[in-house]
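Right, one structure below, let's go through it.
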Amino acid sequence: MQVSVESTGSLERKMTVEVPSDRIDQEVEKRLKSLAGRVRLDGFRPGKVPFKVVKQRYEEGMYQEVVGDLMQRTFQEAVVQEKLRPAGSPAIETQVSGPGKGLQYTATFEVYPEIALSPVDGLEIKRPKVEIGEADIDKMIENLRSQRSTWEPVERAAGQGDSITIDFEGSQNGEPFEGGKGEDVPVELGAGRMIPDFERQLDGLKADDEKTIDVTFPDDYQAEQLKGQTVQFAIKVKSVSERRLPEIDEEFVKSFGVEDGKLESLRADVLKNMQRELDERIQQRVKTQVMDALAGANEIEVPNALIKEETDRLRHEAIHSYGLSHDVQLPDELFADQAKRRVTLGLIIGELVRQQDLKVDPQRVEETLARLAASYEDPQQVIQYYRSQPQAMASVEAMVIEDQVVDWVLEQAKTVDEPVAFDEMMNPSQGAESEASE
């Protein structure tokens, strides 16, 4: 077998492989002889078909089968011989093929990049330092009360925080439009679930009021024909209700599984849950920072074949997650940036793991399995499922090795404690909105 390799790009390689005819002929002959003892043909007893007849009938098909197998086998032999690491499947073009002619083909593929990792000791990672105060627990208790709240009708005008039930019918230039009519629609004032201009004009209305209002739709509204348009809505108010919060009494406390019914016990449980969620959020933010820092410090060229594979994987995940039909065509552009980031980090992490000889910690795998299964009704059954599925276990081990990489980077890099309020940590988008409003 002769092999020659040409670099046609920084990562692309064109490899020409020549397989001598005698190697092909020997394999074809071997397989035909094996077939002769098993083949059944009319006019011959089983196993007694002359080899000449078998060869005449099956040689061409057997030749194609052998060539296909040899292409796969010799490609692997060639990349090992040339010390190449293909990234993705090759595009193969046969140049010479036929009985007595041997085989010559060209395989075009990308290879993994050579990665020279930058030192991590110059990286700076901000570790959020968060303390859960009594006010934070108070707010969480209030959230629990809000979840158990009820709506009670009132004989007054609606205000912020109230729920107003309405019938409405919209018209544009005097003509009704699709989606512009509703009956017995509850609107919580201040919740922001309706068009702002619509919701704002419900404030101050009371039961049995009727009013026609002008509403201007936002420029980015989903219905094309309504973007930026001003329409009229005829409103009829059916009722106004105010939120009633439950008393924090023994019954309320026990409803959350606190057997002794004491507020102190509920606060302790709430604090425990808040701390667990906070620890997970801090860990995720630190991990994101580490990954961002590694990606920023190591600019590498990524094989397009790997980006394509990851794009297809992300597309499949999206279709599955949202319950979409597999006929739905989601464009590559939706996933391209995320796919490139995943592949880039995968290559960097893989190289770091290799250089530092990091091994998956079995104890951390068990802890991760337990954490993943904890929210299910039968955790042990979930754990057994993972252990019976090699692909599922591989994903858990990948999570663990990523966490070990993060720990290793944190040991080498400079870490700085950054004071962060609990609310800001748990709801960063709200914190950003608050800053923008100031």
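Within the range 281-438, what whole-number % of the accessible surface is contributed by carbon and sulfur, with the 1.4 Å probe and all protein chains included in the calculation? The partial results should precede the final answer.
Working: 4760 of 10020 Å².
On the range 281-438, the fraction of accessible area on carbon and sulfur atoms equals 48 percent.
Only Cα pairs within less than 10 Å get springs; with that Gaussian network setup on the chain, which residue of ARG267, ARG387, ARG285 has the largest fluctuation?
Comparing ARG267, ARG387, ARG285 in the GNM, the peak value goes to ARG387.
Just need log10 I(q)/I(0) for the range 231-368 at q = 0.09, 0.22 Å⁻¹, Debye formula, equal scatterers on the alpha-carbon atoms, no solvent, rounded to two decimals.
Taking Cα atoms of the range 231-368 as identical point scatterers yields -0.64, -1.34.
Would you please calculate the Kirkwood hydrodynamic radius of the range 297-401 over all C-alpha pairs and express it in Å, rounded to one decimal?
Result for the range 297-401 stands at 16.1 Å.
Could you compute the net charge surrounding GLU6? Neighbours are other residues with a C-beta less than 13 Å from the C-beta of GLU6; K and R count +1, D and E count -1. If you can, show how the numbers build up before the last one.
On the way: positive: ARG13, LYS14; negative: GLU12, GLU82.
Combined, the nearby Lys, Arg, Asp and Glu give 0.
Classify the range 36-132 from the C-alpha gyration tensor, please: rounded if a/c falls under 1.5, else prolate or oblate depending on whether a/b exceeds b/c. Walk me through the intermediate numbers first.
Numbers: a/c = 5.62, a/b = 2.78, b/c = 2.03.
It is prolate, given that a/c is not under 1.5 and a/b is the larger ratio.
Averaging sequence separations of C-alpha pairs under 8 Å and six or more residues apart, then dividing by the length of the range 1-57, give the relative contact order as a whole percent.
22 percent
For all pairs of alpha-carbon atoms in the range 254-319, what percent lies in each bin of width 5 Å, listed from the first bin to the last filled one?
The distribution over the range 254-319 is 3, 13, 10, 10, 13, 12, 9, 7, 8, 7, 5, 3, 1, given as percents.
Sort LYS211, LYS52, LYS359 by heavy-atom solvent-accessible area, probe 1.4 angstrom, most to least.
Largest accessible area first, the residues go LYS52, LYS359, LYS211.
Accessible area per residue of the chain at 1.4 Å probe, in Å²?
Solvent-accessible surface per residue comes out at 62 Å².
Anything over 23 Å Cα to Cα? Flag those among LYS126/LYS308; LYS139/LYS254; LYS181/LYS206; LYS129/LYS340, in the order listed. Write out the running numbers ahead of the final one.
Numbers: LYS126/LYS308 33 Å; LYS139/LYS254 19 Å; LYS181/LYS206 20 Å; LYS129/LYS340 32 Å.
With Cα atoms farther than 23 Å apart: LYS126/LYS308; LYS129/LYS340.
For helix 362-373, what angle does its Cα long axis make with the longest principal axis of the chain, in degrees from 0 to 90 and rounded to 10?
50 degrees
Tell me, what is the percent relative contact order of the range 1-111, built from C-alpha pairs under 8 Å that lie six or more residues apart?
Computed over the range 1-111, the figure is 35 percent.
What are the semi-axes of the equivalent ellipsoid for the range 333-377, taken as the square roots of 5 times the Cα gyration tensor eigenvalues, largest first, in whole Å?
They are 27, 21, 4 Å, listed largest first.
Could you put ARG145, ARG364 in order of accessible surface area, largest first, with the 1.4 Å probe and the full protein assembly present?
Of ARG145, ARG364, the descending order of accessible area is ARG364, ARG145.
Using Cα-only point scatterers and the Debye equation, what is log10 of I(q)/I(0) for the range 109-253 at each q in 0.16, 0.18 Å⁻¹, rounded to two decimals?
-0.92, -1.07
At a probe size of 1.4 Å, how large is the accessible area of MET426, to the nearest 10 Å²?
My reading of the accessible area for MET426 is about 30 Å².
On C-alpha positions alone, give me the angle between the axis of helix 51-81 and the longest principal axis of the chain, in degrees, nearest 10.
60 degrees
How far, in degrees from 0 to 90, does helix 21-36 lean away from the longest principal axis of the Cα atoms of the chain, to the nearest 10?
Between the helix axis and the principal axis of the chain, the angle is about 80 degrees.
What list of ³J(HN,Hα) couplings, whole Hz, do you get for the range 217-234 from phi and the Karplus terms 6.51, -1.76, 1.60, once you set θ to phi - 60° and write x for glycine and proline?
Couplings: 6, x, 5, 9, 4, 5, 7, 4, 6, 10, 4, x, 8, 9, 10, 10, 10, 8 Hz.
List the relative contact order of the chain as a percent without decimals, with contacts defined as Cα pairs under 8 Å and 6+ residues apart.
Reported relative contact order: 16 percent.
With a 10 Å cut-off between alpha carbons and a GNM built on the chain, which of GLY296, GLY100, GLY228 moves the most?
Top of the fluctuation ranking is GLY228.
What does the accessible area of LYS48 come to, in Å² to the nearest 10, when a probe of 1.4 Å is used?
It works out to around 130 Å².
Across bins of 20 angstrom width beginning at 0, how are the C-alpha pair distances of the chain distributed, in whole percent?
Over the chain, the share of Cα pairs per 20 Å bin runs 15, 33, 31, 15, 6, 0 percent.
For the range 61-188, list log₁₀ I(q)/I(0) at each q in 0.12, 0.20 Å⁻¹, using the Debye formula over Cα point scatterers of equal strength and ignoring solvent, two decimals each.
-0.75, -1.17
For the chain, what is the percent of antiparallel DSSP beta bridges, rounded to the nearest 5?
Values: 51 of 57 bridges.
About 90 percent, rounded to the nearest 5.
Could you pull the accessible area for SER4 with a 1.4 Å probe, rounded to 10 Å²?
60 Å²
Picking from ASP42, ASP214, ASP337, which is most flexible by a Gaussian network model of the chain using Cα springs under 10 Å?
So, out of ASP42, ASP214, ASP337, the one fluctuating most is ASP42.
Using a 1.4 angstrom probe on the protein heavy atoms only, could you order PHE51, PHE233, PHE44 from most to least accessible area? Could the numbers behind the result be given before it?
Details: PHE51 65, PHE233 10, PHE44 90 Å².
Result of the area sort, largest leading: PHE44, PHE51, PHE233.
The values are calculated or read from the model by the stated rules, or taken from the named source; none is laboratory data. Every value quoted in this text rests on a predicted model; they were computed, and no experiment measured them. Ideal geometry is used to build each Cβ from the backbone, glycine not excepted, and the neighbour counts take in all protein chains shown. For accessibility, only protein heavy atoms count, side chains too; no ligands or nucleic acids. Shrake-Rupley method; radii C 1.70, N 1.55, O 1.52, S 1.80 Å.
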